[in-house]
1. Picking from CYS16, CYS113, which residue would you name as being modelled with pLDDT under 90, of a type outside the set (S, T, N, Q) and touching a Ser or Thr at 6+ places or on another chain (Cβ under 8 Å)?
2. So which residues in the range 22-44 are touching a helix residue (DSSP H, G or I) at 6+ places or on another chain (Cβ under 9 Å) and either at pLDDT 80 or above or not in a helix (DSSP H, G or I) (or both), if there are any at all?
3. Note down all Cβ pairs under 9 Å where the first residue falls in the range 52-65 and is free of Cβ contacts under 8 Å to residues at least 40 places away in the same chain and surrounded by 15 or more Cβ atoms within 10 Å (Cβ to Cβ), the second is among the acidic types (Asp, Glu) and outside any loop (DSSP other than H, G, I, E, B), and they're at least six residues apart or on different chains.
4. Restricting the range 66-93 to residues that are among the β-branched types (Val, Ile, Thr) and modelled with pLDDT under 90, which is most open to solvent (accessible area, probe 1.4 Å)?
Amino acid sequence: MDQARGLDRSAAIIACRQGLGTLVVKLGEQLPLSLSTPASRIAWSNRDVTVETPAGRIAARAAIITVSSNVLAAGNIKFAPDMPKRYLDAAANLSLGSYDHIALLLPAIRSACRATMS
């Protein structure tokens, strides 16, 4: 499916014949994974991240949040502390169906990333 959609985009690079979703699943097969578990609240600090879901809380040192720009802009996931307004504004200005991606490195997490990489 990813590859078929990618053909419509002249600049798209397909990294896996079976689709990017398959690649992500393969790379993460050694990780604990929970599907169909929507996040309702994400609490983040300098030390950790806690994600609240209907199945309970998930605690980790870091999290990668991959939701549509509409989900972020609508506030369907609550963040504590709040997501900076400029990030929410950026999400609101991205249209669905575009191949644009944004990556946000929240200041409190930056030092944790550096510590992990050193």
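1. Going through CYS16, CYS113 in turn, just one is modelled with pLDDT under 90, of a type outside the set (S, T, N, Q) and touching a Ser or Thr at 6+ places or on another chain (Cβ under 8 Å): CYS16.
2. Scanning the range 22-44 gives LEU33, TRP44.
3. So the pair list comes out as ILE58/GLU52.
4. THR66
The values are calculated or read from the model by the stated rules, or taken from the named source; none is laboratory data. Since we're looking at a predicted model, the values are computed, not measured. As a convention, Cβ positions derive from the backbone with ideal geometry for all residues, glycine included, and neighbour counts pool all protein chains shown. Heavy atoms of the whole protein, side chains included, go into the accessibility calculation; ligands, DNA and RNA do not. Shrake-Rupley method; radii C 1.70, N 1.55, O 1.52, S 1.80 Å.
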